[in-house]
Amino acid sequence: MGIGSLDMLFDGVRKGVDMFDCVLPTRLARHGSLMTHHGRINIMKGSYADDFSPIDPECDCYCCRNYTKAYVHHLMKCQEGLGARLCSIHNIRFLIQAMEGAREAIKEDRFLEYAAQRLEEFGTERGC
């Protein structure tokens, strides 16, 4: 369907859409762009070469639990396939977490507040 950005996902949920399919998380990952709870980062930047923290400390994905920004940066710079795979795993899990939170917020009748908070943290100006 081509809807893969956080703001568009939340907008779709607000309008009643409950199924999404998009290549955006993996396309971004192949180019070193990672979605985090505090916005997107480009892991290819030199500033990550010596950063031994996880991609996103608030993420529970395999990549964030087992690898550092420095290692993923190294993999991507060397064009090692594992780098793109780890980045893809992270981006997909990030969006799954966002949708899990949306599901809970809907059950608690607080979806609009949840979406606004997540988008503010992510740095997206557009709201639902």
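The values are calculated or read from the model by the stated rules, or taken from the named source; none is laboratory data. Since the structure is predicted, the reported quantities are computational estimates derived from the model, not experimental observations. Here Cβ is always computed from backbone atoms with ideal geometry, including for glycine, and neighbour counts include all displayed protein chains. What goes into the accessible areas is simple: the full protein's heavy atoms, side chains included, and nothing from ligands, DNA or RNA. Shrake-Rupley method; radii C 1.70, N 1.55, O 1.52, S 1.80 Å.
Pairs, please: C-beta under 6 Å, at least 6 apart or cross-chain, first residue farther than 16 Å from HIS37 by Cα and in region 48-69, second assigned to a loop (DSSP other than H, G, I, E, B) and among the β-branched types (Val, Ile, Thr)?
From region 48-69, the pairs are PHE52/THR68.
Return yes when PHE122 is under 21 Å from LYS15 (Cβ atoms) and aromatic (Phe, Trp, Tyr) and no when it is not.
Values: under 21 Å from LYS15 (Cβ atoms): yes; aromatic (Phe, Trp, Tyr): yes.
For PHE122, the condition - under 21 Å from LYS15 (Cβ atoms) and aromatic (Phe, Trp, Tyr) - is met.
Within the set of pairs 6 or more residues apart or between chains, which connect a residue that is charged (D, E, K, R) inside region 1-17 to a residue that is open to solvent by less than 30 Å² (accessible area, probe 1.4 Å) with Cβ atoms less than 8 Å apart?
Close Cβ pairs satisfying both conditions: ASP7/LEU119; ARG14/PHE111; ARG14/ALA115.
Would you mention how many residues in region 98-119 are under 14 Å from the mean Cα position of the chain (by Cα) and either surrounded by fewer than 18 Cβ atoms within 10 Å (Cβ to Cβ) or not in a helix (DSSP H, G or I) (or both)? Write out each step before concluding.
Taking region 98-119 and keeping what is under 14 Å from the mean Cα position of the chain (by Cα), we get 98-101, 118-119.
Those still in the list that are either surrounded by fewer than 18 Cβ atoms within 10 Å (Cβ to Cβ) or not in a helix (DSSP H, G or I) (or both) too: 99-101.
Within region 98-119, residues that are under 14 Å from the mean Cα position of the chain (by Cα) and either surrounded by fewer than 18 Cβ atoms within 10 Å (Cβ to Cβ) or not in a helix (DSSP H, G or I) (or both) number 3.
Would you tally the residues in region 47-71 being open to solvent by less than 50 Å² (accessible area, probe 1.4 Å) and either in a loop (DSSP other than H, G, I, E, B) or touching a Leu at 6+ places or on another chain (Cβ under 6 Å) (or both)? Even if it seems obvious, please write down each step before you answer.
Applying the first criterion (open to solvent by less than 50 Å² (accessible area, probe 1.4 Å)) to region 47-71 yields 48-49, 51, 53-56, 59, 61, 63-64, 68-70.
Filter once more, keeping what is either in a loop (DSSP other than H, G, I, E, B) or touching a Leu at 6+ places or on another chain (Cβ under 6 Å) (or both): 49, 51, 53-56, 59, 61, 63, 68.
Residues in region 47-71 being open to solvent by less than 50 Å² (accessible area, probe 1.4 Å) and either in a loop (DSSP other than H, G, I, E, B) or touching a Leu at 6+ places or on another chain (Cβ under 6 Å) (or both): 10 in total.
Given the criterion out of contact with any Ser or Thr (no Cβ under 9 Å at 6 or more places or on another chain), on the phi > 0 side of the Ramachandran plot and not aromatic (Phe, Trp, Tyr), identify the matching residue among ASP60, ASP109.
The conditions single out ASP109.
Among the residues of region 9-46, how many are surrounded by 12 or more Cβ atoms within 10 Å (Cβ to Cβ) and part of a helix (DSSP H, G or I)?
13
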